[in-house]
Amino acid sequence: MIRLHTLFVAIAVAVITTAALIYFTPLKHITLVEPTIFDIDPQAFQEKLAANPENYIFIDVRPESAYGKLHAKGSINMPLHTLYDERHTLPKYGKEIVLICSGGRASGVGFSYLEHYGFKNIARIEGGIENWVIENLPTEGSALVIPESDISPATL
């Protein structure tokens, strides 16, 4: 009986010591498992957005100038650097926050940032606006594309 009690105390001391070492040293900053970013297919998301737009906040994290030239229809512009302040106004539940950028990197940074602040209702458009355009999904903006058949010396 005494040996069992001694074993229990030794295990408890080992657990407390290990927890203290992790908490009070830089070991707590080591990521053992890489965070996962939830990507959503642009076509699948467009269908969901068209059916229930009230369920989503579709955020383009690119700079305002890029957003003005071309953006996914239904998205709002919230440049990446503004997420620090905007995180206080974004919902942590009820609506899904979907991020888009040029190719996926900036929206991945935004995803990780929001996740760090407790957001679980977030996703990223796979391949960004580049993939959105390739899949011929609706866009808006000031950038005009002139079909080759319409190009003549007069238009140049």
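Per 0.36 nm of contour for each residue apart, how much would the distance between residue 76 and residue 15 grow if the chain were fully extended, relative to their Cα-Cα spacing? Let's see the in-between values first.
On the way: separation 61, 0.36 × 61 = 21.96 nm, distance 4.87 nm.
Contour length minus Cα-Cα distance gives 17.1 nm.
With both labels modelled 7 Å from their Cα along Cα-to-Cβ, the residue 55 to residue 88 distance reads 3.1 nm. Taking the stretch 74-96 and a reference point 7 angstrom along Cα→Cβ of residue 44, the backbone N atoms nearer than 18 Å belong to 96. The lysine pair count for the stretch 39-140, using Cα distances under 19 Å and pairs eight or more places apart or on different chains, is 6.
If we count every other residue with Cβ under 15 angstrom of residue 41's Cβ, Lys/Arg +1 and Asp/Glu -1, where does the sum land?
Numbers: positive: 48, 124; negative: 39, 47, 96, 126, 130, 135.
Within the 15 Å Cβ shell, the charges total -4.
Readers should treat all values here as calculations from the given coordinates under stated rules, not as data from a laboratory. All figures in this text were calculated on a predicted structure; none of them were measured in a lab. Reconstructed Cβ throughout: ideal geometry from the backbone, glycine too, with neighbour counts over all protein chains shown.
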